[in-house]
1. Heavy atoms of the protein only, probe of 1.4 Å, neighbouring chains included. What is the accessible area of I8 in Å², nearest 10?
2. Counting only other residues whose beta carbon sits under 12 Å from that of E85, what net charge do I get with K and R as +1, D and E as -1?
3. How high is the FRET efficiency between A88 and R158 when r is their beta carbon distance and R₀ equals 25 Å, given to the nearest 0.05?
4. Report the net charge of residues surrounding V45, where surrounding means a beta-carbon distance below 12 angstrom and charges are Lys +1, Arg +1, Asp -1, Glu -1.
5. Can you bin segment 47-116 into rounded, prolate or oblate? Criterion: square roots of the alpha carbon gyration tensor eigenvalues sorted a ≥ b ≥ c, rounded for a/c under 1.5, prolate for a/b above b/c, oblate for the rest.
6. What accessible surface, in Å², does a 1.4 Å probe find on I59, ignoring ligands, DNA and RNA and rounding to the nearest 10?
7. Quote the FRET efficiency, to the nearest 0.05, computed for R280 versus R62 with a Förster distance R0 of 35 Å and r equal to the Cβ-Cβ distance.
8. Taking every eigenvalue of the Cα gyration tensor of segment 79-118, multiplying by 5 and rooting it, what semi-axes result, largest first, whole Å?
Amino acid sequence: MRNSPPWILPAIPDQTGRVAVVTGANSGIGYVTARELARRGAHVVLACRDLGRGNAALIRMRGEVPGARLELRRVDLGSLTSIREFAAGWDRGRLDLLVNNAGVAMVPYALTTDGFESQFGVNHLGTFALTGLLLPHLLAAPDPRVVTVSSEGQRFARFDLGNLNAERNYRAAFAYVQSKRANLYFAMELQRRADAAGQKLRSMAVAPGLTRTNVLTGGANSGRGRLYATLTRLLVRVAFRPTPEGAKTSLYAATVPDLPGGSYIVPDGLLQLRGEPTRRGRERAIRDTATAAGLWQLSERLSGVTYALSAATATRLP
């Protein structure tokens with residue numbers, strides 16, 4: 001039984017003056033996250049792979065939040081070239097908040113443009129590369145945060161550093177939860193490295209719980225046939241909760257003032273599937289520093305992105 005009232009979206013503090021990037025903001029949790037940050041005054045960049053869907057989301061969001069400060073920019077997390085172009089084109093000075101939301105889930109086997117298994121390549125390597133390339137802009141902010149969306153499913157991953165790229169067979173569900181465990185490792189290791197460098201950066205990870213989005217039916221999953229689509233949509237409608245509820249953990253991690261870096265925010269209900277945002281510190285992955293460090297080194301080698309986290313890189317920008 002809860003001893004405190006539910007955390008509601010109107011509880012988000014004023015975000016005026018903050019500049020935020022939300023990846024995958026054209027639908028689902030990313031859309032709600034971007035909209036609510038904008039509603040509270042942030043300047044929000046919708047970072048989307050498909051500019052057509054992104055523009056439709058932008059128009060819809062402006063209708064829901066008149067006067068919102070929004071812009072659309074393209075980034076494809078399945079392409080290191082696209083990620084580098086996005087980062088090189090950043091012209092807004094400091095970046096206060098990066099929400100690594102975009103991802104794919106349990107898709108048929110495919111490769112990114114750089115030859116990585118798509119779930120590992122998009123969910124982890126793309127997130128790793130984007131964050132690293134935007135890091136100088138984050139460190140220029142007075143109180144920067146990075147929020148990375150993992151999954152409650154990461155608890156069931158059998159993490160294998162030697163098979164992250166599906167070198168030995170491919171199972172969609174296995175690859176998905178492994179990529180989401182990688183998200184958690186990444187967020188915690190980023191915090192450790194920021195702390196060691198004396199930086200004020202706060203890195204958080206979140207699990208949204210079972211949430212109604214199109215991640216299981218859209219994108220690469222859209223070609224799996226009518227029966228799959230019908231059954232999956234029925235399951236999502238019956239068993240999953242509304243999208244704004246799933247976005248709560250992201251918004252909580254992005255905006256609660258006194259939340260410490262290295263926090264893992266999950267729903268407080270059974271198996272982290274639903275409930276209100278709460279901080280959880282008992283995950284094995286949070287304490288597994290050796291695997292996190294190994295993943296970091298591998299990610300730098302595969303992506304070609306090296307993080308500049310020395311104190312000298314922090315130059316304050318307006």
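The values are calculated or read from the model by the stated rules, or taken from the named source; none is laboratory data. From a predicted model like this one, the values you see are computed outputs, not experimental measurements. Backbone-built Cβ (ideal geometry, glycine too); neighbour counts: all protein chains shown. Just so you know, the surface numbers come from the protein's heavy atoms only, side chains and all, with ligands and any DNA or RNA stripped out. Shrake-Rupley method; radii C 1.70, N 1.55, O 1.52, S 1.80 Å.
1. 90 Å²
2. +2
3. After rounding to 0.05, the efficiency reads 0.10.
4. Net local charge, V45 excluded: +2.
5. The shape class here is oblate.
6. 110 Å²
7. Once rounded, the FRET efficiency stands at 0.45.
8. 26, 14, 5
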